[in-house]
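Novice: After the C-alpha cells below, expect a handful of questions from me.
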Amino acid sequence: MDIRQGTTRMGKVLVVTSGKGGVGKTTSTAALGAALAQNGQKVAVVDFDVGLRNLDLIMGAERRVVFDLINVVQGDAKLAQALIRDKRIDTLFLLPASQTRDKDSLTEEGVAKVIGELREQFDWVICDSPAGIERGAQLAMRHADVAVVVTNPEVSSVRDSDRIVGVLDSKTVRAEKGEVVEKHLLLTRYDGSRAERGEMLKVEDVLDILSIPLLGVVPESREVLRASNLGTPVTLGSPGSAPAQAYEEAARRLRGETVTTNTGRGFLGKLFGRRAA
Ligand SMILES: Nc1ncnc2c1ncn2[C@@H]1O[C@H](COP(=O)(O)OP(=O)(O)O)[C@@H](O)[C@H]1O
Ligand SMILES: [Mg+2]
C-alpha cells in the first residue's frame with residue numbers, strides 16, 4: 001500500500017482532543033486531515049470514538065465501512081482491509097470505529113501495534129478522540145506526538161481543555177519518556193460579535209487561561225453543518241469559506257509554516273505569534 005515501496009515513513013501521530021463533547025473534534029479531524037492530504041501529505045484519520053462512529057459520516061464513507069479499528073486491533077482484519085481510501089483525495093484514508101462493539105475491546109497493546117503500523121505508512125495519523133478524560137480518550141492520545149486541543153469560547157470548554165492538557169502531560173508515551181507532546185489550541189465555533197458583547201470569551205481571554213499556542217480560530221458557520229450533512233470535510237465541501245480557510249491555515253501551521261493569516265489579519269494575527277506563557 002505504501003507508494004514508496006521499500007521505504008519506511010515515520011509519520012507524526014496527532015490527536016484531536018478536548019475533554020468536552022460537541023466542541024468540534026470530529027469536524028476538525030476531517031477538515032485538518034483533508035487539508036493536509038490536499039497538500040500532498042499521506043493522511044490516515046482514525047476514529048477512536050467507539051460506539052458513536054461519526055467520522056465516517058463526516059467523511060462521506062459510512063456505506064463503505066467493512067472492517068473497523070477494533071477488527072484490526074483484535075487481529076480479525078488486516079489494516080489494509082479496514083482502511084478506506086477517500087474518493088476525492090487519493091492520499092486520504094479513514095480507519096473507522098465500530099458502532100456496536102464494546103469499548104473495552106480496544107486494548108492498549110492492540111492500539112500500540114496499529115498506530116505503529118500506521119506511522120510506517122502515513123505522514124500523518126490523526127486520531128479523533130472521544131469526549132472525556134477517561135480510558136477511551138487516553139487510548140486516543142497515548143501515542144501522540146502532537147495534540148490539537150479543540151476549545152469553544154466558553155468557560156466550561158476552556159476548563160476541560162485545561163484538564164486535557166494535564167492528561168497529555170502525564171498519560172502519554174511521550175510524557176512517560178520525559179518528552180513533551182507538542183500542543184496547539186484550536187478555537188472553534190467562534191463568534192466575534194458575541195465575544196464583543198461579552199456573551200462568549202474572546203480569543204485573548206482563552207489564550208490567557210490556556211498557555212498553549214494558537215493554531216487557528218474557526219468561526220461559527222453554517223457551512224460546517226452543510227458540509228458535514230453532505231459527507232464532505234468543510235475544506236472540500238465549501239472551499240474558500242471562512243471555516244475552510246481557517247482549517248487550511250491551521251494545517252499549514254501544523255506543517256511548520258509561518259502563515260500570515262486571512263482569518264487573523266491585524267489584531268488577531270498578532271495572537272498567533274504570541275508565545276505560550
Ligand atoms: N465552526 C462551526 N460552526 C458551526 N457548527 C459547528 C462548527 N464546528 C462544529 N460544529 C457543529 O457542532 C457539532 C459538534 O461537532 P463535532 O465535530 O461532532 O464535535 P465533537 O466531535 O467534539 O463531539 C456538530 O453539529 C457540528 O456540525
Ligand atoms: Mg466526535
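The values are calculated or read from the model by the stated rules, or taken from the named source; none is laboratory data. Everything numeric here is computed off the predicted structure, so don't read it as measured data. With ideal geometry, Cβ positions are generated from the backbone for all residues, glycine too; neighbour counts draw on all protein chains shown. These area figures cover heavy atoms from the full protein model, side chains too; ligands, DNA and RNA do not enter into them. Shrake-Rupley method; radii C 1.70, N 1.55, O 1.52, S 1.80 Å.
Novice: Can you find even one residue in segment 177-191 that is charged (D, E, K, R), within 18 Å of Phe272 (Cβ to Cβ) and away from ligand 1 (no atom under 16 Å from the Cβ)? Full working, then the answer.
Specialist: Kept after step one, since they are charged (D, E, K, R), are these residues of segment 177-191: 177, 179, 182-183, 189, 191.
Checking which are within 18 Å of Phe272 (Cβ to Cβ) leaves us with 182-183.
So of that shortlist, the ones also away from ligand 1 (no atom under 16 Å from the Cβ) come out as 182-183.
Yes; the residues of segment 177-191 include at least one that is charged (D, E, K, R), within 18 Å of Phe272 (Cβ to Cβ) and away from ligand 1 (no atom under 16 Å from the Cβ).
Condition check ((1) surrounded by 19 or more Cβ atoms within 10 Å (Cβ to Cβ); (2) at pLDDT 95 or above; (3) under 30 Å from Arg163 (Cα atoms); (4) within 16 Å of ligand 1 (Cβ to nearest atom)) across all residues:
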| site | (1), (2), (3), (4) |
| --- | --- |
| Thr17 | yes, yes, yes, yes |
| Ala37 | yes, yes, no, no |
| Val43 | yes, yes, yes, no |
| Asp47 | yes, yes, yes, yes |
| Lys78 | no, yes, no, no |
| Thr100 | no, no, yes, no |
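Novice: Of everything in segment 205-228 that's part of a helix (DSSP H, G or I) and either of a type in the set (Lys, Arg) or open to solvent by 50 Å² or more (accessible area, probe 1.4 Å) (or both), which residue is nearest to ligand 1 (Cβ to nearest atom)? Reasoning before the result, please.
Specialist: First pass over segment 205-228, keeping only residues part of a helix (DSSP H, G or I): 205-209, 222-228.
If we keep only those that are either of a type in the set (Lys, Arg) or open to solvent by 50 Å² or more (accessible area, probe 1.4 Å) (or both) too, we end up with 205, 208-209, 222-223, 225-226.
Working: Asp205: 18, Asp208: 22, Ile209: 19, Arg222: 7, Glu223: 8, Leu225: 4, Arg226: 9 Å.
Within segment 205-228, the match that is nearest to ligand 1 (Cβ to nearest atom) is Leu225.
Novice: Can I ask one more? Out of Ala30, Ala61, report the one residue that is within 11 Å of ligand 2 (Cβ to nearest atom), open to solvent by less than 10 Å² (accessible area, probe 1.4 Å) and either out of contact with any strand residue (DSSP E or B) (no Cβ under 7 Å at 6 or more places or on another chain) or in contact (Cβ under 8 Å) with a residue 40 or more places away in the chain (or both). Before the answer, list the steps.
Specialist: Values: Ala61 fails: within 11 Å of ligand 2 (Cβ to nearest atom).
After applying the criteria, what remains is Ala30.
Novice: Next question, about the same structure. Across segment 248-275, what is the number of residues that are at pLDDT 95 or above, open to solvent by less than 30 Å² (accessible area, probe 1.4 Å) and out of contact with any Gly (no Cβ under 7 Å at 6 or more places or on another chain)?
Specialist: Number of matching residues: 2.
Novice: Additional query: Examine segment 126-139 for a residue that is hydrophobic (A, V, I, L, M, F, W, C), modelled with pLDDT under 95 and within 21 Å of Gly75 (Cβ to Cβ), and state whether such a residue exists. It would help to see each step written out before you state the result.
Specialist: Our first condition is that a residue be hydrophobic (A, V, I, L, M, F, W, C); within segment 126-139, this holds for 126-127, 131, 133, 137, 139.
Checking which are modelled with pLDDT under 95 leaves us with 131, 133.
After this cut, where a residue has to be within 21 Å of Gly75 (Cβ to Cβ) as well, the list is none.
Checked segment 126-139: no residue is hydrophobic (A, V, I, L, M, F, W, C), modelled with pLDDT under 95 and within 21 Å of Gly75 (Cβ to Cβ).
Novice: I've got another one for you. So Asn152 ticks every box in (1) modelled with pLDDT of 95 or more; (2) crowded, with 22+ Cβ neighbours inside 10 Å; (3) in contact with a Leu (Cβ under 7 Å, 6 or more places away or on another chain) but one. Which box is left unticked?
Specialist: It fails just one condition, (3).
Novice: Residues being of a type in the set (Lys, Arg) and free of Cβ contacts under 8 Å to residues at least 12 places away in the same chain: count how many of those fall in segment 74-109.
Specialist: In the first step, residues of segment 74-109 are kept if they are of a type in the set (Lys, Arg); the result is 78, 85, 87-88, 101, 103.
So of that shortlist, the ones also free of Cβ contacts under 8 Å to residues at least 12 places away in the same chain come out as 78, 85.
So the count comes out to 2.
Novice: Can you list the helices (runs of 4 or more DSSP H) found entirely within segment 33-107 that contain at least 2 residues being aliphatic (A, V, I, L, M) and within 15 Å of the chain's Cα centre (by Cα)?
Specialist: Values: elements: 55-58, 69-73, 79-82.
By residue number, 55-58.
Novice: Does segment 108-131 contain any residue that is within 15 Å of Gly11 (Cα to Cα) and assigned to a loop (DSSP other than H, G, I, E, B)? Give the steps one after another, and end with the answer.
Specialist: Residues of segment 108-131 that are within 15 Å of Gly11 (Cα to Cα), as a first pass: 112-127.
Retained after the next criterion (residues that are assigned to a loop (DSSP other than H, G, I, E, B)): 122-123.
Yes; the residues of segment 108-131 include at least one that is within 15 Å of Gly11 (Cα to Cα) and assigned to a loop (DSSP other than H, G, I, E, B).
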